[in-house]
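One structure below.
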Amino acid sequence: MNTTPFNTLSFPGQKNSGDSIVNGVDLSVNFAGIKAPNPFWLASAPPTDKAYNVVRAYEAGWGGVVWKTLGEEPPAVNVSSRYSAHYGKNREVIGFNNIELITDRSLEINLKEITQVKKDWPDRALIVSIMVPCNEEAWAYILPLVEATGADGIELNLGCPHGMPERGMGAAVGQNPDLIEKVTYWCKKHYSKPVIVKLTPNITDIRVGAQAALRGGADAVSLINTINSITSIDLDNMVAKPTVGHQSTHGGYCGSAVKPIAMNMVAEIARDPATPTLPISGIGGISTWRDAAEFIALGAGSVQVCTAAMLNGFRIVEEMKDGLSRWMAEKGYDSIEAFSRKAIPQTTDWKHLDINFKTIAKIDQDLCIECGRCYIACEDTSHQSIAKLTEQDGARRYEVIEEECVGCNLCQITCPVENCITMVPQETGQPFLAWDNDPRNPFRVAS
């Protein structure tokens, strides 16, 4: 049994790990009334399952933690094994899959540890994730117990995609707007602190869930929860991974692979006229300061990290804080709020884009290594707008056929040399023209 006190310093030298001023920049946030020294929070997951882990996270410098989801007694029972991964080259984990359920520790122990941790670390955000059956009595019972811990707020786990939906919880609630609104209303009725609703991405339109949460009185939303997935098949035994005995099941997918999906959903809520000021905690594939900055630019007021911490440890937050603060100083942003939602005005529907804008590729011959990947990609799968030439000395040379280039960016994406291929905007002499006003659009809106 671990008898180490909760507040024992595990990271020597981290005397000021909770300071909000980093490199002369203020990283502090006030998210829906919840204050934290920086926007980097650990998401509700295995890394936040108990006091030992949470304290280590605070000592490492994390600004907040969402405690792993609490539920009714008796606690959940988990299986073995629980995780699998989608790998890239050199076994780089691109995506991570898990079939673990909510906490398998007793409610009493969790509440006791939450109380002590919040007492020992009053300057850090501490949110408690909760999931109980979809009836008011269950919520009315657990909420006063959680409020008594002194935690700063709660996060409603309405998105878990495996195990719990089979019991009428998790995504089974998050996929039903009426239930989202109802559960949120119950929580606001029986709990006095901020209520954050965690949304499932396993839905057609994420805005519907956010709107339902807002109608129920939510103070904020967090997203995304994990995505239904099967990462791989053991072709020798014909069973998916992770394997439990001789069987498997779909799990929740996370990690860097889900970042583009998560950012789009965050942006959809941020630019929805029905939820323009609803605070958003961004989750999904955040592993660097740049990832965090991108989420914040699209509307997030805080960011939550899980997979990156599980793969690399809690100390990654040091680089995140350092990198973000240096970039903010360079750009002249004196607070997180100063650039939050900055990218939203430039994020629009396809029909509003300028049809007359044109850009073409340009290859820097001094940087080109003559690999031919741009040529093959364009010749085989795109617009045949790169010419392959052979010099007198036998060297290969690739040049863009400008009149054929449509500016699709495929060559730039496939090129292994950074900045070798750039996209150059062209002067067309034509005015801005959106598709909804284009004469070629059979459903156009007349000017």
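Out of Leu278, Leu199, Leu223, report the one residue that is more than 16 Å from Gln304 (Cβ to Cβ) and in contact with a Leu (Cβ under 7 Å, 6 or more places away or on another chain).
Exactly one residue qualifies, and that residue is Leu278.
When only residues in the stretch 79-105 that are part of a loop (DSSP other than H, G, I, E, B) and open to solvent by 30 Å² or more (accessible area, probe 1.4 Å) count, which is farthest from Leu126 (Cα to Cα)?
From the stretch 79-105, those part of a loop (DSSP other than H, G, I, E, B) are 79-82, 88, 92, 99-105; that's our starting set.
From what is left, the residues that are open to solvent by 30 Å² or more (accessible area, probe 1.4 Å) are 79-82, 92, 104-105.
Values: Val79: 28, Ser80: 29, Ser81: 29, Arg82: 26, Glu92: 31, Asp104: 20, Arg105: 18 Å.
The qualifying residue farthest from Leu126 (Cα to Cα) is Glu92.
Are there any pairs, at least 6 apart or on different chains, whose C-beta atoms fall under 8 Å, with the first in the stretch 324-335 and within 20 Å of Gly61 (Cα to Cα) and the second open to solvent by 100 Å² or more (accessible area, probe 1.4 Å), and if so, which?
Hits for this filter: Trp327/Arg290; Met328/Asp334.
Quick one: which residue in Val117, Val128 is among the hydrophobic types (A, V, I, L, M, F, W, C), crowded, with 23+ Cβ neighbours inside 10 Å, in contact (Cβ under 8 Å) with a residue 60 or more places away in the chain and outside any helix (DSSP H, G or I)? Before you say what the answer is, go through the steps one by one.
Details: Val117 fails: outside any helix (DSSP H, G or I).
Result of the check over Val117, Val128: Val128.
If only one of Gln412, Gln392 is farther than 30 Å from Val258 by Cβ and not acidic (Asp, Glu), which one is it?
Working: Gln412 fails: farther than 30 Å from Val258 by Cβ.
Gln392 is the lone residue from the list that is farther than 30 Å from Val258 by Cβ and not acidic (Asp, Glu).
Any residue in the stretch 23-41 that is among the hydroxyl-bearing types (Ser, Thr, Tyr) sitting within a Cβ distance under 9 Å of a residue that is surrounded by fewer than 22 Cβ atoms within 10 Å (Cβ to Cβ) and modelled with pLDDT under 95? List the pairs, counting only those 6 or more apart or interchain.
If the second residue must be surrounded by fewer than 22 Cβ atoms within 10 Å (Cβ to Cβ) and modelled with pLDDT under 95, the pairs left are Ser28/Ser20; Ser28/Ile21.
Wholly within the stretch 288-391, which helices (runs of 4 or more DSSP H) include no fewer than the required count, namely at least 3 residues that are open to solvent by 80 Å² or more (accessible area, probe 1.4 Å)?
Values: elements: 289-297, 307-312, 316-331, 373-381.
In the stretch 288-391, 316-331, 373-381 are the helices (runs of 4 or more DSSP H) which contain 3 or more residues that are open to solvent by 80 Å² or more (accessible area, probe 1.4 Å).
Would you check if there is a residue in the stretch 23-44 being open to solvent by 30 Å² or more (accessible area, probe 1.4 Å), in a loop (DSSP other than H, G, I, E, B) and modelled with pLDDT under 95?
Taking every residue of the stretch 23-44 in turn, at least one turns out to be open to solvent by 30 Å² or more (accessible area, probe 1.4 Å), in a loop (DSSP other than H, G, I, E, B) and modelled with pLDDT under 95.
Counting just the residues of the stretch 222-239 that are touching a His at 6+ places or on another chain (Cβ under 9 Å) and among the small types (Gly, Ala, Ser), which one comes out least open to solvent (accessible area, probe 1.4 Å)? Quick ask: steps written out before the conclusion?
Step one: filter the stretch 222-239 for residues touching a His at 6+ places or on another chain (Cβ under 9 Å), giving 226, 228-232, 237, 239.
Of the ones still in play, those that are also among the small types (Gly, Ala, Ser) are 229, 232.
On the way: Ser229: 18, Ser232: 38 Å².
That would be Ser229.
State the number of residues belonging to the stretch 170-204 that are in a loop (DSSP other than H, G, I, E, B) and either surrounded by 24 or more Cβ atoms within 10 Å (Cβ to Cβ) or touching a residue at least 40 places away in the same chain (Cβ under 8 Å) (or both). Explain how you work it out, then say what you get.
In the first step, residues of the stretch 170-204 are kept if they are in a loop (DSSP other than H, G, I, E, B); the result is 170, 175-176, 191-194, 199-204.
With either surrounded by 24 or more Cβ atoms within 10 Å (Cβ to Cβ) or touching a residue at least 40 places away in the same chain (Cβ under 8 Å) (or both) added as a condition, the list becomes 170, 191-194, 199-202.
Count: 9.
Looking at (1) in a strand (DSSP E or B); (2) among the hydrophobic types (A, V, I, L, M, F, W, C); (3) open to solvent by 10 Å² or more (accessible area, probe 1.4 Å), can you tell me which one Trp67 breaks?
All conditions are met except number (3).
Can you say whether Glu404 is free of Cβ contacts under 8 Å to residues at least 24 places away in the same chain, touching a Ser or Thr at 6+ places or on another chain (Cβ under 6 Å) and surrounded by 11 or more Cβ atoms within 10 Å (Cβ to Cβ), as far as the supplied structure shows? Spell out the reasoning first.
Numbers: free of Cβ contacts under 8 Å to residues at least 24 places away in the same chain: yes; touching a Ser or Thr at 6+ places or on another chain (Cβ under 6 Å): yes; surrounded by 11 or more Cβ atoms within 10 Å (Cβ to Cβ): yes.
Yes: the conditions hold for Glu404.
Give the stretch 240-273 a look and list any residue that's open to solvent by 50 Å² or more (accessible area, probe 1.4 Å) and assigned to a loop (DSSP other than H, G, I, E, B), or say none.
Within the stretch 240-273, Lys241, Gly245, His246, Thr249, His250, Arg271, Pro273 qualify.
The values are calculated or read from the model by the stated rules, or taken from the named source; none is laboratory data. Worth saying up front: this structure is predicted, and the values here are computed from it rather than measured. Glycine also receives a Cβ, built like all others from the backbone with ideal geometry; neighbour counts cover every protein chain displayed. In case anyone asks, the SASA skips ligands and DNA or RNA and just uses the protein heavy atoms, side chains included. Shrake-Rupley method; radii C 1.70, N 1.55, O 1.52, S 1.80 Å.
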